[in-house]
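First comes the structure, then the notes that go with it.
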Amino acid sequence: MPVQKPTSGSLFMVVAPSGAGKSTLVNALLKQEPAIKLSISYTTRAPRPGEEHGREYYFTDVEDFLKRQAEGEFLEWAEVHGQLYGTPLHEVEDLMKQGYVVLLDVDVQGGASVRQLRPDAVSVFIHPPSLEALRQRLGRRGTDQPEVVETRLQNAPGELAQYQLYDYLVVNDNLDQAVA
């Protein structure tokens, strides 16, 4: 059943460590729910193959990112695995004013910031079925250097332990069930 567009929007965030399948779930949800709009984040990391500026992220350099951060343009921002990520506040506010459910696709650091700043946000934590599954997913993705994958795997246990801080937990071991 499609989500009805409310008269004023709401904030919904999907949080997970790298490789848990968050982006796959988010993209599937966006395809089936037109009342949900994704807030596109800024990042200083380079685009991965197939990614486009303004679709997956707003790709920028460190200088521009830090200028935006200093001017208060981000709802939240964090340094994650050596790169900067931030959610543009104006985009979230504009979409909410239009009555959309605004979806944030954020990492665990971003999730913690949003929970503090916007306790009204509904939060869902995506958990992989195991650390080994996470390792395999990161390896299959093939978008990161081995040392980046290892850093992400080293950080994963601490990130995964935070699941209990979120409103809902989804174990992503079956894509159709996880999307539902």
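The values are calculated or read from the model by the stated rules, or taken from the named source; none is laboratory data. Everything quoted here is computed from the prediction, not taken from an experiment. All Cβ positions, glycine included, derive from the backbone under ideal geometry; neighbour counts span all protein chains shown. The area values use the complete protein model at the heavy-atom level, side chains included, leaving out ligands, DNA and RNA. Shrake-Rupley method; radii C 1.70, N 1.55, O 1.52, S 1.80 Å.
Looking at the stretch 98-117, can you tell me whether even one residue there is farther than 22 Å from Asp167 by Cα and open to solvent by 60 Å² or more (accessible area, probe 1.4 Å)? For the stretch 98-117, residues farther than 22 Å from Asp167 by Cα and open to solvent by 60 Å² or more (accessible area, probe 1.4 Å): present. Within the stretch 137-164, the set of residues being surrounded by 13 or more Cβ atoms within 10 Å (Cβ to Cβ), over 20 Å from Gly50 (Cα atoms) and out of contact with any helix residue (DSSP H, G or I) (no Cβ under 7 Å at 6 or more places or on another chain) comprises Glu150, Thr151, Asn155, Leu160, Tyr163.
In the stretch 149-180, what residues are in a helix (DSSP H, G or I), of a type outside the set (D, E, K, R) and farther than 13 Å from Leu131 by Cβ? Steps first, answer last, please.
Step one: list which residues in the stretch 149-180 are in a helix (DSSP H, G or I), which gives 149-165, 175-179.
Next cut, of a type outside the set (D, E, K, R) only: 149, 151, 153-158, 160-165, 175, 177-179.
Thr151, Gln162, Tyr163, Gln164, Leu165, Leu175, Gln177, Ala178, Val179, listed by residue number.
Counting residues that are more than 22 Å from Gln177 (Cα to Cα) and touching a residue at least 60 places away in the same chain (Cβ under 8 Å), which helices (runs of 4 or more DSSP H) fully inside the stretch 1-110 reach at least 3?
Working: elements: 22-32, 62-70, 89-97.
Counting at least 3 such residues, we get 89-97.
Condition first: farther than 24 Å from His127 by Cα and open to solvent by less than 30 Å² (accessible area, probe 1.4 Å). Now tell me which residues in the stretch 13-41 satisfy that.
Result: Ala35, single match.
Here are some conditions: (1) within 11 Å of the chain's Cα centre (by Cα); (2) over 23 Å from Gln116 (Cα atoms); (3) of a type in the set (S, T, N, Q). Gln32 meets all but one. Which one does it not meet? The number of the failed condition is (1).
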